[in-house]
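K.L.:
Can you keep this structure in mind? I'll have questions shortly.
The values are calculated or read from the model by the stated rules, or taken from the named source; none is laboratory data. Quantities reported herein were computed from a predicted structural model and do not represent experimental measurements. Please note: Cβ atoms are built from the backbone with ideal geometry, for glycine as well, and neighbour counts cover all protein chains shown.
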Amino acid sequence: MKKIELFDYINGLFLLIVMFVTFYPLIYVFSVSFSASEYIIQNKITFFPMGFNFEAYRMIFESARIPQAYFNSFLYTALGTFVNLTMTAITAYPLSRNKLIGKKYYMWIILLTMFFNGGLIPNYLLVKSLGMINSIWSLVIPNAIWTFELIILKGFFESLPEELHESAVIDGAKEFTIFSRIYMPLSKASLASIALFYAMGHWNSYLIPSIYLMDLEKMPLQVLLKEMLILDTAKQSSDMAEYANLTPEALKNATILISILPMLLLYPYLQKYFVGGIMIGAVKG
């Protein structure tokens, strides 16, 4: 057996501390959301729920605003991620080809967007002039491509052996066929990685929806969550008057838990693609 040294004990203890610091906020949110009001008011919640009160979740699913905001977040995230992946892939592929005329200048222009931005007011005026205010497209089109994710996918395409492209050209395949039939299937790992970044960005987006959306029915979950956490509109809104008899902390923590649940479920599924595909681009003899 391998001899266990002092460093192993210290390293294990350090990792346990990091794990505790990472998971405790989630455990606390879970416990408060399921606890009875009297224990929450007395600040007795630590690790486990006390009283097991499901009233907060009942109120959430009976309310008209929270399920609608939840659906809006799913819709914006799904559509936005699809548009992001599509636009990023069809832009990264030609930029990865050495024969592209003006490739260096295109890359300089793209990299410039990482350091300089038009600003909030010019962006708002542009979106307004295009007639996208208060529509789902105002959340999708202006952010169709993120520069950093584009660079990641471009780098992956460049790492694939040039022999793959040359073999396909010899067989008579056109560029779109090479892109869709060869490069895209080999890019599952990279696409899954940037898809997670895109999805998290859309799901957690607060500023952009609060600027471009006007109707309350179109607001995503994060905007509603901000109202509940900061403005406490759950107690002030006429259509949510029944929340007055419920501890606000329980409702807030229940909403937080529901809002992060999709990402907690999505990440383990995409994690397997991060390691897989490292050698997928290898050429077999």
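K.L.:
What do you reckon, is Asn84 within 26 Å of Glu227 (Cβ to Cβ), within 29 Å of the chain's Cα centre (by Cα), in contact (Cβ under 8 Å) with a residue 24 or more places away in the chain and surrounded by 19 or more Cβ atoms within 10 Å (Cβ to Cβ)? So that I can check it myself, show each step before the final result.
P.N.:
Numbers: within 26 Å of Glu227 (Cβ to Cβ): no; within 29 Å of the chain's Cα centre (by Cα): yes; in contact (Cβ under 8 Å) with a residue 24 or more places away in the chain: yes; surrounded by 19 or more Cβ atoms within 10 Å (Cβ to Cβ): yes.
In short, no.
K.L.:
Shifting gears a bit: Taking only pairs six or more apart or across chains, which ones have beta-carbon atoms under 6 Å, a first residue in segment 189-203 that is in contact (Cβ under 8 Å) with a residue 60 or more places away in the chain, and a second residue that is not in a helix (DSSP H, G or I)?
P.N.:
Every condition considered, the pairs that remain are Ala189/Gly276; Ala189/Gly277.
K.L.:
Mind checking which pairs have a first residue in segment 114-125 that is at pLDDT below 85 and a second that is among the polar types (S, T, N, Q), Cβ under 6 Å, 6 or more apart or different chains?
P.N.:
Met114/Thr147
K.L.:
Between Ser37, Ser63, Ser73, which is touching a Pro at 6+ places or on another chain (Cβ under 8 Å) and not charged (D, E, K, R)? Write out each step before concluding.
P.N.:
Values: Ser37 fails: touching a Pro at 6+ places or on another chain (Cβ under 8 Å); Ser63 fails: touching a Pro at 6+ places or on another chain (Cβ under 8 Å).
Answer to the check: Ser73.
K.L.:
Give me the residue from segment 2-47 that is assigned to a loop (DSSP other than H, G, I, E, B) and out of contact with any Phe, Trp or Tyr (no Cβ under 9 Å at 6 or more places or on another chain) and, out of that set, surrounded by the most Cβ atoms within 10 Å (Cβ to Cβ).
P.N.:
Our first condition is that a residue be assigned to a loop (DSSP other than H, G, I, E, B); within segment 2-47, this holds for 2-5, 34-36, 42-47.
Subsequent filtering for residues that are out of contact with any Phe, Trp or Tyr (no Cβ under 9 Å at 6 or more places or on another chain) retains 2-5, 42-44.
On the way: Lys2: 5, Lys3: 5, Ile4: 9, Glu5: 9, Gln42: 9, Asn43: 8, Lys44: 12.
The extreme case among them is Lys44.
K.L.:
While we're on this one: Of all residues being more than 30 Å from Leu213 (Cα to Cα) and in contact (Cβ under 8 Å) with a residue 40 or more places away in the chain in segment 48-78, which is surrounded by the fewest Cβ atoms within 10 Å (Cβ to Cβ)? Just the residue, please. Show your work before the answer.
P.N.:
First, pick out the residues of segment 48-78 that are more than 30 Å from Leu213 (Cα to Cα): 48-55.
Of the ones still in play, those that are also in contact (Cβ under 8 Å) with a residue 40 or more places away in the chain are 53, 55.
Numbers: Asn53: 21, Glu55: 18.
Going through the qualifying residues, I end up with Glu55.
K.L.:
Would you check if there is a residue in segment 222-232 being surrounded by fewer than 17 Cβ atoms within 10 Å (Cβ to Cβ), free of Cβ contacts under 8 Å to residues at least 24 places away in the same chain, over 19 Å from Leu95 (Cβ atoms) and β-branched (Val, Ile, Thr)?
P.N.:
yes
K.L.:
How many residues are assigned to a helix (DSSP H, G or I) and either surrounded by 12 or more Cβ atoms within 10 Å (Cβ to Cβ) or among the small types (Gly, Ala, Ser) (or both) when one looks only at segment 100-147? Lay out the reasoning, then the answer.
P.N.:
Pass one, segment 100-147, residues assigned to a helix (DSSP H, G or I): 103-112, 120-129, 137-143, 147.
Still in the running and either surrounded by 12 or more Cβ atoms within 10 Å (Cβ to Cβ) or among the small types (Gly, Ala, Ser) (or both): 103, 106-107, 110-111, 123-129, 137-143, 147.
Final tally of qualifying residues: 20.
K.L.:
Next question. Just wondering, is there one or more residues in segment 160-181 that are in contact (Cβ under 8 Å) with a residue 40 or more places away in the chain and hydroxyl-bearing (Ser, Thr, Tyr)?
P.N.:
no
K.L.:
Report those helices (runs of 4 or more DSSP H) wholly inside segment 172-242 carrying at least 1 residues which are modelled with pLDDT of 80 or more and within 26 Å of Val83 (Cα to Cα). Before you say what the answer is, go through the steps one by one.
P.N.:
Numbers: elements: 175-178, 188-203, 207-212, 221-226, 233-236.
The qualifying helices (runs of 4 or more DSSP H) are 175-178, 188-203, 207-212, 221-226.
K.L.:
Would you mind finding the one in Phe30, Phe20, Phe48, Phe14 that is outside the structural domain of Glu163 (by TED's automatic domain parsing) and either under 13 Å from Ala250 (Cβ atoms) or touching a strand residue (DSSP E or B) at 6+ places or on another chain (Cβ under 7 Å) (or both)?
P.N.:
Working: Phe20 fails: either under 13 Å from Ala250 (Cβ atoms) or touching a strand residue (DSSP E or B) at 6+ places or on another chain (Cβ under 7 Å) (or both); Phe48 fails: either under 13 Å from Ala250 (Cβ atoms) or touching a strand residue (DSSP E or B) at 6+ places or on another chain (Cβ under 7 Å) (or both); Phe14 fails: either under 13 Å from Ala250 (Cβ atoms) or touching a strand residue (DSSP E or B) at 6+ places or on another chain (Cβ under 7 Å) (or both).
The unique qualifying residue is Phe30.
K.L.:
Take Leu251 and tell me if it is of a type in the set (A, V, I, L, M), in contact with a Ser or Thr (Cβ under 6 Å, 6 or more places away or on another chain) and modelled with pLDDT under 80. Walk me through how you get there before you give the answer.
P.N.:
On the way: of a type in the set (A, V, I, L, M): yes; in contact with a Ser or Thr (Cβ under 6 Å, 6 or more places away or on another chain): no; modelled with pLDDT under 80: yes.
No.
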